[in-house]
1. Can you give me the number of residues within the range 102-115 that are at pLDDT 95 or above and open to solvent by less than 30 Å² (accessible area, probe 1.4 Å)?
2. Could you give me the residue pairs with C-beta distances under 9 Å whose first residue belongs to the range 175-187 and is of a type in the set (S, T, N, Q), whose second residue is at pLDDT 80 or above and not in a loop (DSSP other than H, G, I, E, B) wherever it lies, and which are 6+ apart or on separate chains?
3. Hey, Leu40 hits all of (1) part of a strand (DSSP E or B); (2) farther than 21 Å from Thr146 by Cβ; (3) of a type in the set (A, V, I, L, M); (4) over 13 Å from the mean Cα position of the chain (by Cα) but one; which does it fall short on?
4. So which residues in the range 64-101 are at pLDDT 90 or above, of a type outside the set (A, V, I, L, M, F, W, C), open to solvent by 40 Å² or more (accessible area, probe 1.4 Å) and closer than 20 Å to Arg145 by Cβ?
5. Just give me the residues in the range 116-129 being open to solvent by less than 30 Å² (accessible area, probe 1.4 Å) and touching a residue at least 40 places away in the same chain (Cβ under 8 Å), in sequence order.
6. Name every residue in the range 43-76 that is in a loop (DSSP other than H, G, I, E, B) and acidic (Asp, Glu), in order of residue number.
7. List the residue pairs whose Cβ atoms are under 6 Å apart, where the first residue sits in the range 5-20 and is in a helix (DSSP H, G or I), the second is modelled with pLDDT under 80 and exposed (fewer than 10 other Cβ atoms within 10 Å of the Cβ), and the two are 6 or more positions apart or on different chains.
Amino acid sequence: MLRSNWLFPLVLAVILGGLSAWLERISTIHTETVRLNPKLPQYEMTGMAGRRFDEQGKLREKLDAQRAWQLPDGKDVFLQGADLQALDADGQHYSVYSELARYHLASKQIDFEQGVLLRRHHRQADDTEIRTDTLTVDTVARTARTDALVHFRQGRSEGSALGMFYDHNSGKLDLPAQVKALIYDPKYEE
């Protein structure tokens, strides 16, 4: 009888220990790191719609794209058919469209490329349109700049320049070099 008193707990302990070791072995997940192709998107979406609001909850910016993707280990988001709209409290705004764009997550700047159209909407005058090949927009400072050739139009006035800098906060457009313009003044209309 004494023998069975210590034999049963010993056998039970050995069985439970073996069961515990077996369960540990089958429940352990072994992961293998697979290196992704750095030229192919890790994330991709179609019909992207991003919104940014100010401290009062009013819509400040809209960024839409037909397609967006991010490469493995990338810190930028690539956009196809990018459309950015920046709005003020009074509803005046500017918009930028391009075939391709790159949004830098850290700096919140967007590099627009291919068929770039910057449009400044005016309440009491004709809209201003600027066309160029490349344009960098700082969404925090609300500025846009390029060193490329730009073509601009407002109403019947039009021209070109080498480079530009636009500050949305002040509403000023700076055309630094090789400006050629045909200015139409409606006061002198016949």
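1. Of the residues in that region, 1 qualify.
2. As it stands, the answer is Gln178/Leu149; Gln178/Ser160; Gln178/Ala161; Gln178/Leu162; Gln178/Gly163, since those pairs meet every condition given.
3. Status for Leu40: all satisfied but (1).
4. Asp83, Tyr97, Glu99
5. Leu118, Thr128
6. Going through the range 43-76, the residues in a loop (DSSP other than H, G, I, E, B) turn out to be 54-58, 71-75.
Selection gives Asp54, Glu55, Asp73.
7. none
The values are calculated or read from the model by the stated rules, or taken from the named source; none is laboratory data. Just so we're clear, the structure is a prediction, and the values are computed from it rather than from any experiment. We place every Cβ from the backbone using ideal geometry, glycine too, and count neighbours over all the protein chains shown. In case anyone asks, the SASA skips ligands and DNA or RNA and just uses the protein heavy atoms, side chains included. Shrake-Rupley method; radii C 1.70, N 1.55, O 1.52, S 1.80 Å.
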